[in-house]
1. Only helices (runs of 4 or more DSSP H) wholly contained in the range 241-359 count here; list those with 2 or more residues that are open to solvent by less than 30 Å² (accessible area, probe 1.4 Å).
2. Which of the residues that make up the range 74-113 are more than 18 Å from residue 60 (Cα to Cα) and among the basic types (Lys, Arg)?
3. Answer yes or no as to whether residue 329 is free of Cβ contacts under 8 Å to residues at least 12 places away in the same chain and either acidic (Asp, Glu) or closer than 18 Å to residue 111 by Cα (or both).
4. Of everything in the range 67-86, what is part of a loop (DSSP other than H, G, I, E, B) and either surrounded by fewer than 20 Cβ atoms within 10 Å (Cβ to Cβ) or touching a Cys at 6+ places or on another chain (Cβ under 6 Å) (or both)? Give them in sequence order.
5. Provide a single number: the residues in the range 195-228 that are in contact with a strand residue (DSSP E or B) (Cβ under 7 Å, 6 or more places away or on another chain) and without any contact (Cβ under 8 Å) to a residue 60 or more places away in the chain.
6. I'd like the full set of residues that are surrounded by fewer than 23 Cβ atoms within 10 Å (Cβ to Cβ) and in contact with a helix residue (DSSP H, G or I) (Cβ under 8 Å, 6 or more places away or on another chain), limited to the range 145-171.
7. Select from the range 210-222 the residues that are out of contact with any Phe, Trp or Tyr (no Cβ under 7 Å at 6 or more places or on another chain) and open to solvent by less than 20 Å² (accessible area, probe 1.4 Å) and write down the one among them that is nearest to residue 178 (Cα to Cα).
8. So, residue 218, is that one touching a Ser or Thr at 6+ places or on another chain (Cβ under 6 Å), of a type outside the set (Gly, Ala, Ser), more than 17 Å from residue 100 (Cα to Cα) and assigned to a helix (DSSP H, G or I) or not?
Amino acid sequence: MRVTQKSRRLKALIGATTAAVAALPVFVGAGVATAAAPNTDAAKVQAAAVPNGGTKLVSATQGVGNKMSLRVYSASMGREIPLEVIRPSDTSRPAPTLYLLNGAGGGEDSASWQKQADIGTFFQGKHVNVVTPMQGAFTYYTDWQKADDALHGVNKWETFLTQELPPVIDSALGTTKVNSLAGISTSGTSVFNLALKDPQLYKAVGAYSGCADTVTPMGQTYIQIVIAARGSADVENMWGPVGSPDWQAHDPIYNIGKLKGGPKLYVANASGLPGPHDTLDSQGINGNVSTLANQIIVGGIIEAATNECTHRLFDAVNFNGMGDQARFDFKPAGTHSWGYWRDDLENSWPMLAESMGTA
C-alpha cells in the first residue's frame, strides 16, 4: 500500500517519541488472593471445568461482587496464565463470553481495563461473561516464532486464545459457546489477527485506537517501539525479520477480506487533538499538569498515528465490499487514553451484545 506524505510525517513523530514512550512508568499491580469458599460461584466454576488436552483450569478465586480470578495452565506456553473474569448476575442460565484484551502492558501494569475503566460496574446487569488475560505484555497476543526471555519466554497467544482457552472457559463458566472479542491500542491489531486465525470463533470484533498495519514502514516502526523500546524484547523473535512473510500474514489491512461474511466489526479512533477527556479534572489526571501534558502530547501523537492506520483499514474494508459488516467511529477529538476507551466500550456494546444474542 502507498505510504503518503502524511504517513511519513506521522512516522517521524512516532520515532521522535520513542524515548518518551519507553520512559512511561510501568506499575505492576499486586493483590492477595482469597481461596473460594465451598459454595461460592468460584468453587462451582472450578468443579465444572473440563481440561482441554494439557490446558486446564488450575484455580478459581472469588472476588468482590461479580468478579473472579482464574489461573489456566497453557500447554503451548508451559505456564499458568492469570485471567480476570466478570460473571453475569444470573449464573443459573448460560451466557456468552466477551474476551476483552488489554493494551501493550497486557494487564501486567496499571494500564488495564480492571484498574482504569471500572468494567465490573459497567457490566453489572449485563448477561455476559467477560474474560481478560492479565499477562501478555508487549507480545501483540500473537504466536511468536522464538521464545524471548524478556517476555515470559514462550508466547503462543493465538494458540492459547483461539484453541486452548475457549473450551476450558465454556465448561467452567457454563457458557453458550458464543463469543466476541475487543481490545485497545496494540490489541487493536491483535483482535483482527485472532479473528483471522478462526473467523468462526467470534461473532463481533471491537478495536479501539489500534493500528492494524504491519507491512508499511510506519506500522512496523510502531510495533518496534512497543516491543523493543517498551518491552526490551527482540522484535525478530515475534514474526521473524521485519518485513518477512509472517509480518504480511499478520497485517489486518492486507488480509481483512478474509473476514468477509464473518464477525461484525466495530472500529473506533479519535484524531489525536485534545478532547473532552483531556482536561485537568478528567479521570486519571486529578489536576496534575504534567500528567495532562503527557496525555495531550504523547497520547495525541500516538492517537494521530493510529487514526491514519484506521483510515486505511476503513478503505480496505470498503474495497472488499464489507461496509455493511463494519461500523467505524472516527471521533474529531481525543487522545490515546482511557476516557475515550471507556466511551468506545460503551458505544460498541450494543453491537457486541446483539451479535452474541444478549443484552
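The values are calculated or read from the model by the stated rules, or taken from the named source; none is laboratory data. These figures come from a predicted structure and were not determined experimentally. Quick reminder, even Gly has a Cβ in these numbers, built from the backbone with ideal geometry, and neighbours come from all protein chains shown. Just the protein is used for accessible areas: all its heavy atoms, side chains included, with ligands, DNA and RNA removed. Shrake-Rupley method; radii C 1.70, N 1.55, O 1.52, S 1.80 Å.
1. Result: 252-255, 289-319, 338-356.
2. Across the range 74-113, the qualifying residue is only 93.
3. Values: free of Cβ contacts under 8 Å to residues at least 12 places away in the same chain: no; either acidic (Asp, Glu) or closer than 18 Å to residue 111 by Cα (or both): yes.
Against the criterion (free of Cβ contacts under 8 Å to residues at least 12 places away in the same chain and either acidic (Asp, Glu) or closer than 18 Å to residue 111 by Cα (or both)), residue 329 does not qualify.
4. Restricting attention to the range 67-86, the residues satisfying the condition of being part of a loop (DSSP other than H, G, I, E, B) are 75-78.
If the condition is that a residue be part of a loop (DSSP other than H, G, I, E, B) and either surrounded by fewer than 20 Cβ atoms within 10 Å (Cβ to Cβ) or touching a Cys at 6+ places or on another chain (Cβ under 6 Å) (or both), then 75, 76, 78 are the ones that fit.
5. Total satisfying the criteria: 1.
6. Those that are surrounded by fewer than 23 Cβ atoms within 10 Å (Cβ to Cβ) and in contact with a helix residue (DSSP H, G or I) (Cβ under 8 Å, 6 or more places away or on another chain): 145, 146, 147, 148, 158, 162, 171.
7. Among residues in the range 210-222 that are out of contact with any Phe, Trp or Tyr (no Cβ under 7 Å at 6 or more places or on another chain) and open to solvent by less than 20 Å² (accessible area, probe 1.4 Å), the one nearest to residue 178 (Cα to Cα) is 210.
8. Values: touching a Ser or Thr at 6+ places or on another chain (Cβ under 6 Å): yes; of a type outside the set (Gly, Ala, Ser): yes; more than 17 Å from residue 100 (Cα to Cα): yes; assigned to a helix (DSSP H, G or I): yes.
Yes, satisfied.
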